[in-house]
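Read the structure below first, then the notes.
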Amino acid sequence: MTATFPEQQRASATAAFGRFSPHQALHIFDRTADSGHEPGVVEVAPRTWWIQPGMVNVALFETDEGLLLVDCGCAGDGPALVETVRRLSDKPLRAVVYTHAHSDHAFGLWAFLEAGEIPEVYAHRNLPDHLRRYQRTSDLNGRINGQRRDTEGRTWFRDDDQVVWPTVLFDDRLELTLGGETFVLHHGKGETDDATWVWAPQRRTIAAGDLVTGYLPNAGNPKKVQRYAEEWADAADAMAALRPAVVVPGHGDPVTDEAAIADELAAMARYLRIIVDHAIAGLNAGVLPDEIVATLEIPAELRDHPRLAPLYDQPEFICRNVIRRYSGWWDGYPSHLLPSSQDEQAAEVARLAGGVEVLLARVDELAATGRPDDLRLACHLAEWAFLADRSDPAAQACYRDTFERRAQQHPGLMAQVNLRTSAAWVARAEKENHR
Ligand SMILES: [Zn+2]
């Protein structure tokens, strides 16, 4: 994996971040944290709009009887969304669909209620459980998503009144009629088990939520709960079968080219199934997880597909996620079953090498070759050096800098932020030193 995208992937990657605000991203449940951007609006079909208040998209459908809104953004997107919707239509908000319970999709509705709207709120039956899990693991989720505390000391969704709870739950499929028009809510599984995508047959439009994002599906996130690569591929097939002319994705630009949509959905399904099939074949053949991942190969036309860039996740992580789903947590190495601590192992490696400084010198040699495989190996040595002596300033610098170089070789956000964990460990060790 290199840091350079093909040009088309770069354009898609830039679009995917939307109207991003770093402040909002750190305060995603704060109703006062707006994106600071004017919402983007595109009429993608008659009386049908793509709205992008910040990092995430919303779909608005106007009928004679009232409005259907699919998703409602982050908590802080609410007021700007109300204003934008009101500029586009004076019809009442009759129905809202949550495509899933993620922080950037389902938390802006409060502003519509405060403005006097009383919509029915539709969601898949698993969505309330998703919210309950968030509440139970609120601090964990705040930490792994890098959230800052609000005035009540919360970093994540915790209190019932932070969300407008759904009023109608459905299982596989629900037909909703508004203004004499039918909208079909379909359950899917992908990034989450509570996903919904909406089909408006008369407008040949799909509001896809995060089942379509314009980059490689986020189906392997290293620190998150199980993702569903197989069902994600199934959802892509189900959408493609309807031959949509418009897709409003969960992030990034709307897609209004029928052939491009068909191509993207087919490529996405194929990409995911290649990973799933490889993982399951490896498990069946008794191959250990590390080797299954190391032998995964993605055809060039999928790897370089303009709408499937590994901008957020990457195929290796998706493969790990499939392996986890179908097998246990053990990686198969007997010493790893009930291991010595990493600190003990590192101290012993440093002792055998002849000291932490010998490890550091070898890191320099490996890093100097410029080969990605050598830098990857250097990361192990740098980690051993740091864990063997966390108070050694040279080991600290080496640990931080070697992983920073490694992070820069990966285009995917999940690889970058998690590789950079070494810098946080060093910061903590430096603090300890100065006590
Ligand atoms: Zn999202």
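Going by the structure shown, is ASP253 within 16 Å of the ligand (Cβ to nearest atom) and touching a residue at least 40 places away in the same chain (Cβ under 8 Å)?
Taking the combined requirement at face value, the residue satisfies it.
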Practice prompt. Would you mind finding the one in THR155, THR182 that is more than 16 Å from the ligand (Cβ to nearest atom) and surrounded by fewer than 18 Cβ atoms within 10 Å (Cβ to Cβ)?
Written response: THR182
Discussion item. Testing TRP197 on (1) of a type in the set (Phe, Trp, Tyr); (2) more than 15 Å from TYR98 (Cα to Cα); (3) out of contact with any helix residue (DSSP H, G or I) (no Cβ under 6 Å at 6 or more places or on another chain), one condition comes back false. Which one is that?
Written reply: (2)
Worksheet item: Hey, does segment 231-245 have a residue that's within 22 Å of GLN52 (Cα to Cα), within 16 Å of the ligand (Cβ to nearest atom), in contact (Cβ under 8 Å) with a residue 40 or more places away in the chain and among the small types (Gly, Ala, Ser)?
Response: no
Fill in: Condition check for GLY76: within 16 Å of the ligand (Cβ to nearest atom), in contact (Cβ under 8 Å) with a residue 24 or more places away in the chain and over 23 Å from GLY214 (Cα atoms)
yes
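Check ALA200, ALA195 and return the single one that is on the phi < 0 side of the Ramachandran plot and within 16 Å of the ligand (Cβ to nearest atom).
That would be ALA195, the only listed residue that is on the phi < 0 side of the Ramachandran plot and within 16 Å of the ligand (Cβ to nearest atom).
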Practice prompt. Kindly list the number of the only condition in (1) of a type in the set (Phe, Trp, Tyr); (2) buried (at least 17 other Cβ atoms within 10 Å of the Cβ); (3) in a loop (DSSP other than H, G, I, E, B) that fails for TRP384.
Written response: (3)
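Checking the condition in contact with a Phe, Trp or Tyr (Cβ under 7 Å, 6 or more places away or on another chain), surrounded by fewer than 18 Cβ atoms within 10 Å (Cβ to Cβ) and at pLDDT 95 or above, which residue from LEU68, LEU88 passes? Explain how you work it out, then say what you get.
Working: LEU68 fails: surrounded by fewer than 18 Cβ atoms within 10 Å (Cβ to Cβ).
That would be LEU88, the only listed residue that is in contact with a Phe, Trp or Tyr (Cβ under 7 Å, 6 or more places away or on another chain), surrounded by fewer than 18 Cβ atoms within 10 Å (Cβ to Cβ) and at pLDDT 95 or above.
Condition check ((1) among the acidic types (Asp, Glu); (2) at positive phi; (3) within 23 Å of the chain's Cα centre (by Cα); (4) not in a loop (DSSP other than H, G, I, E, B)) across all residues:
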position: VAL287; (1), (2), (3), (4): no, no, no, no
position: ILE298; (1), (2), (3), (4): no, no, yes, no
position: ASP313; (1), (2), (3), (4): yes, no, yes, no
position: GLN345; (1), (2), (3), (4): no, no, no, yes
position: LEU359; (1), (2), (3), (4): no, no, no, yes
Worksheet item: Do we have any residue at all in segment 101-119 that's touching a Leu at 6+ places or on another chain (Cβ under 6 Å), closer than 21 Å to ASP210 by Cα and either crowded, with 20+ Cβ neighbours inside 10 Å or free of Cβ contacts under 8 Å to residues at least 60 places away in the same chain (or both)?
Response: yes
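Matching residues to (1) crowded, with 17+ Cβ neighbours inside 10 Å; (2) in contact with a Lys or Arg (Cβ under 9 Å, 6 or more places away or on another chain):
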| residue | (1), (2) |
| --- | --- |
| ARG273 | yes, no |
| ILE280 | yes, no |
| ALA285 | no, no |
| LEU288 | no, no |
| VAL293 | yes, yes |
| PRO299 | no, yes |
| ALA309 | yes, yes |
| ILE323 | yes, no |
| SER327 | no, no |
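Can we say PRO249 is more than 23 Å from the chain's Cα centre (by Cα), crowded, with 18+ Cβ neighbours inside 10 Å and under 24 Å from VAL42 (Cβ atoms)?
The answer is no for PRO249.
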Worksheet item: closer than 26 Å to ALA16 by Cβ and away from the ligand (no atom under 16 Å from the Cβ), is that true of VAL82?
Response: yes
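Is it the case that segment 165-172 has a residue that's part of a strand (DSSP E or B), surrounded by fewer than 18 Cβ atoms within 10 Å (Cβ to Cβ) and outside the structural domain of ALA424 (by TED's automatic domain parsing)? Can you show your working first?
Of the residues in segment 165-172, the ones part of a strand (DSSP E or B) are 168-170.
Narrowing the set further to residues that are surrounded by fewer than 18 Cβ atoms within 10 Å (Cβ to Cβ) leaves 168-169.
Next, from what is left, pick out any that are outside the structural domain of ALA424 (by TED's automatic domain parsing): 168-169.
Among the residues of segment 165-172, at least one is part of a strand (DSSP E or B), surrounded by fewer than 18 Cβ atoms within 10 Å (Cβ to Cβ) and outside the structural domain of ALA424 (by TED's automatic domain parsing), which makes the answer yes.
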Worksheet entry | Scope segment 54-65; condition surrounded by fewer than 24 Cβ atoms within 10 Å (Cβ to Cβ) and within 12 Å of the ligand (Cβ to nearest atom); matching residues | MET55
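Give the residue that is surrounded by the fewest Cβ atoms within 10 Å (Cβ to Cβ), with candidates limited to residues of segment 394-428 that are part of a helix (DSSP H, G or I) and touching a Ser or Thr at 6+ places or on another chain (Cβ under 7 Å).
Filtering segment 394-428 for residues that are part of a helix (DSSP H, G or I) and touching a Ser or Thr at 6+ places or on another chain (Cβ under 7 Å), the one surrounded by the fewest Cβ atoms within 10 Å (Cβ to Cβ) comes out as ARG400.
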Item to complete: With the checklist (1) touching a strand residue (DSSP E or B) at 6+ places or on another chain (Cβ under 8 Å); (2) within 26 Å of HIS410 (Cα to Cα) in hand, flag the one item THR256 doesn't pass.
Response: (2)
Fill in: Conditions (1) of a type outside the set (Ser, Thr, Tyr); (2) at pLDDT 95 or above; (3) part of a helix (DSSP H, G or I); number of the one not met by LYS431
(2)
Worksheet item: aliphatic (A, V, I, L, M) and over 24 Å from the mean Cα position of the chain (by Cα): does that describe VAL168?
Response: yes
Response to the item:
Only one of ALA262, ALA238, ALA233 is not assigned by TED's automatic domain parsing to the domain that holds ASP172 and not in a strand (DSSP E or B), namely ALA262
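The values are calculated or read from the model by the stated rules, or taken from the named source; none is laboratory data. Values in this document were obtained by computation on a predicted structure and should not be read as measured data. Because the Cβ atoms are built from the backbone with ideal geometry, glycine has one as well, and the counts that use them run over all protein chains shown.
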